[in-house]
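Report on one structure; see the data block that follows.
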Amino acid sequence: MAEEKQAKEISHIVGTFLVSAHGAFLNGAGIDQSGENRNTVIPKQFSDGKYRVPYVSAQAWRRWLRDTLIEETGWQKSTLGSIKKSEKGTTSKIAGALDPINYPEDDLFGYMRSEEGQGKTKKADSDDDSDDEPSETSARTKVQALVRTSPFMSSILVSLRKFGWKGKDEGFVHLETGTPVPYSTIFYNTNLQAIFGLDMTRTGVFRNVGDRIELREDLIKPGIESGMLKEREKDVYELSDNHIAKIRAGELLHSLSVLRGGAKQAAFATDISPKVMILAGLDCGNLIFNNLFEDNLNQETSEGPAIKVETLKEIASDYADRLVTPIYIGIRNGYLSPKNEETIRALGTSGAIFIIDTPINVTKKFVEVHLGYDRNGINKTS
């Protein structure tokens, strides 16, 4: 089945994962303004009916993923810097390298440099050395913003547990003189789920069409001359070696499988690498593995969360003609409820639809089989 499916091209790699966040504080919302003393730090939360549910913003865990990617590969980092200052001399715009050819991070996560008057026309810069009068068409040019939307899509990391997740750590700052200063930290005891998708049709591909361009004009000629870039069609460019895009995708997936980061790690150390990882290749962009996990509702027991097996089977059936690869399921031994883990492992023996292993190993297998990239045997040149 795997060979038969791989005859079709993967347009998107989609998946979901689950993080164990027990005794954790990964993404803060600042001081609780409702408290009388205003000395309690709280995590980010949203309202779901009568419940307050903790979550980690996509911006936060994407930053952790970017940092993990750079650490794992040694690739050059697209460092943020000031690109425009206000009249007072303060920074008004920031950006990274804005170079997706030489910086894989920019290719995968995108960037933006907006321009005033985007979509409008302005007078072209004149050449003082020229005596020729500019033509009507050459005298004006359209203002184009440099915008690359990220090929990597991500949701927030949201708690499975809506109630009973809250813990409170009381502490004091002891002074040499005077009374101690109290402070508190609200933390959570839960599992966090997120979905993701990587658009392979856009990885390593850059469109300069309309009033928004993805590739800086000054990068095109050097990129083509160096052999790193080629023009696919008018105003559409791509990396000359399409295997580079697969390397970038493979390294991104690997980095997700060993994800690390989070706030307050000194006081609330948490391993945020996925304990469950599900992924597959599709010929469409649907993020099909949404809301696949459920919490242990009986919190009096120590059993872990569960994968919704029947929902997973239904997804596999509904998208059978869109799935280009088997569905890879990585689970950490002993993390799920015992009965659920047994059921999931049995799926791997029922045919070629599901492949079961650890989160790191399923990612490695997926990348090797379907992207043709062995990160242990090939140079990670991006």
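The values are calculated or read from the model by the stated rules, or taken from the named source; none is laboratory data. These figures come from a predicted structure and were not determined experimentally. Quick reminder, even Gly has a Cβ in these numbers, built from the backbone with ideal geometry, and neighbours come from all protein chains shown.
Where the second residue is surrounded by fewer than 18 Cβ atoms within 10 Å (Cβ to Cβ) and modelled with pLDDT under 95 and the first is within 16 Å of LEU18 (Cα to Cα) and lies in region 331-356, which pairs have Cβ atoms under 9 Å and are six or more apart or on separate chains? Pairs that qualify, where the first residue is within 16 Å of LEU18 (Cα to Cα) and the partner is surrounded by fewer than 18 Cβ atoms within 10 Å (Cβ to Cβ) and modelled with pLDDT under 95, are LEU336/GLU303; SER337/THR301; SER337/GLU303; ASN340/GLU303; ILE356/GLY348; ILE356/THR349.
Report, by residue number, each residue of region 239-278 that is under 13 Å from the mean Cα position of the chain (by Cα) and polar (S, T, N, Q). Scanning region 239-278 gives SER255, SER257. Kindly establish whether GLY262 is in contact (Cβ under 8 Å) with a residue 12 or more places away in the chain, in contact with a His (Cβ under 8 Å, 6 or more places away or on another chain) and either more than 17 Å from PHE109 (Cα to Cα) or not in a strand (DSSP E or B) (or both). When the stated conditions are applied, GLY262 does not pass them. Report yes if some residue within region 43-59 is under 30 Å from GLY372 (Cα atoms), surrounded by 15 or more Cβ atoms within 10 Å (Cβ to Cβ) and under 18 Å from the mean Cα position of the chain (by Cα); otherwise report no. Yes, some residue in region 43-59 is under 30 Å from GLY372 (Cα atoms), surrounded by 15 or more Cβ atoms within 10 Å (Cβ to Cβ) and under 18 Å from the mean Cα position of the chain (by Cα). Of the candidates ILE10, ILE70, the single residue that is free of Cβ contacts under 8 Å to residues at least 40 places away in the same chain, more than 22 Å from PRO182 (Cβ to Cβ), touching a helix residue (DSSP H, G or I) at 6+ places or on another chain (Cβ under 8 Å) and not charged (D, E, K, R) is ILE70.
Only one of ILE315, ILE329, ILE288 is under 30 Å from ASN189 (Cα atoms), part of a strand (DSSP E or B) and of a type in the set (A, V, I, L, M); which? Full working, then the answer.
On the way: ILE315 fails: part of a strand (DSSP E or B); ILE288 fails: part of a strand (DSSP E or B).
Result of the check over ILE315, ILE329, ILE288: ILE329.
Residues satisfying the criterion are absent from region 231-241 (criterion: polar (S, T, N, Q) and either in a helix (DSSP H, G or I) or under 21 Å from GLN193 (Cβ atoms) (or both)).
Run down GLU310, GLU303, GLU314, GLU231 and say which single residue is touching a residue at least 24 places away in the same chain (Cβ under 8 Å) and over 21 Å from the mean Cα position of the chain (by Cα). Lay out the reasoning, then the answer.
Details: GLU310 fails: touching a residue at least 24 places away in the same chain (Cβ under 8 Å); GLU314 fails: touching a residue at least 24 places away in the same chain (Cβ under 8 Å); GLU231 fails: touching a residue at least 24 places away in the same chain (Cβ under 8 Å).
Answer to the selection: GLU303.
Considering each residue of region 251-271, count those that are surrounded by 21 or more Cβ atoms within 10 Å (Cβ to Cβ) and closer than 13 Å to ARG332 by Cβ, and give that number. Final tally of qualifying residues: 1.
Quick check: is even one residue across region 292-310 part of a helix (DSSP H, G or I) and surrounded by 15 or more Cβ atoms within 10 Å (Cβ to Cβ)? Checking region 292-310: not a single residue is part of a helix (DSSP H, G or I) and surrounded by 15 or more Cβ atoms within 10 Å (Cβ to Cβ). Restricted to region 21-41, and to residues there that are in contact with a Phe, Trp or Tyr (Cβ under 9 Å, 6 or more places away or on another chain) and β-branched (Val, Ile, Thr), the residue that is farthest from VAL276 (Cα to Cα) is THR40.
This table checks each residue for (1) surrounded by 20 or more Cβ atoms within 10 Å (Cβ to Cβ); (2) at pLDDT below 95; (3) closer than 30 Å to ILE315 by Cα.
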| position | (1), (2), (3) |
| --- | --- |
| GLN6 | no, yes, yes |
| ARG38 | no, yes, no |
| TRP75 | no, no, no |
| THR79 | no, yes, no |
| ILE83 | no, yes, no |
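The set of residues from region 231-247 being touching a strand residue (DSSP E or B) at 6+ places or on another chain (Cβ under 9 Å) and surrounded by 14 or more Cβ atoms within 10 Å (Cβ to Cβ) comprises ASP235, VAL236, TYR237, GLU238, LEU239, SER240, ALA245. Among the numbered conditions (1) surrounded by 16 or more Cβ atoms within 10 Å (Cβ to Cβ); (2) more than 30 Å from THR73 (Cβ to Cβ), the only one that VAL367 does not meet is (2).
Against the condition under 30 Å from LEU336 (Cα atoms), in a helix (DSSP H, G or I) and modelled with pLDDT of 95 or more, how does LEU65 come out, does it pass?
Details: under 30 Å from LEU336 (Cα atoms): yes; in a helix (DSSP H, G or I): yes; modelled with pLDDT of 95 or more: yes.
So LEU65 passes the test.
Quick one: which of ILE355, ILE327, ILE331 is surrounded by 20 or more Cβ atoms within 10 Å (Cβ to Cβ), of a type in the set (A, V, I, L, M, F, W, C) and over 22 Å from the mean Cα position of the chain (by Cα)?
Values: ILE327 fails: over 22 Å from the mean Cα position of the chain (by Cα); ILE331 fails: over 22 Å from the mean Cα position of the chain (by Cα).
Exactly one of ILE355, ILE327, ILE331 is surrounded by 20 or more Cβ atoms within 10 Å (Cβ to Cβ), of a type in the set (A, V, I, L, M, F, W, C) and over 22 Å from the mean Cα position of the chain (by Cα), namely ILE355.
For every residue, the table says whether it meets (1) over 30 Å from THR270 (Cα atoms); (2) surrounded by 15 or more Cβ atoms within 10 Å (Cβ to Cβ); (3) modelled with pLDDT under 95; (4) not small (Gly, Ala, Ser).
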| position | (1), (2), (3), (4) |
| --- | --- |
| THR141 | yes, no, yes, yes |
| MET153 | no, yes, no, yes |
| LEU160 | no, yes, no, yes |
| PHE172 | no, no, yes, yes |
| ALA194 | no, yes, no, no |
| GLY204 | yes, yes, no, no |
| GLY210 | yes, no, yes, no |
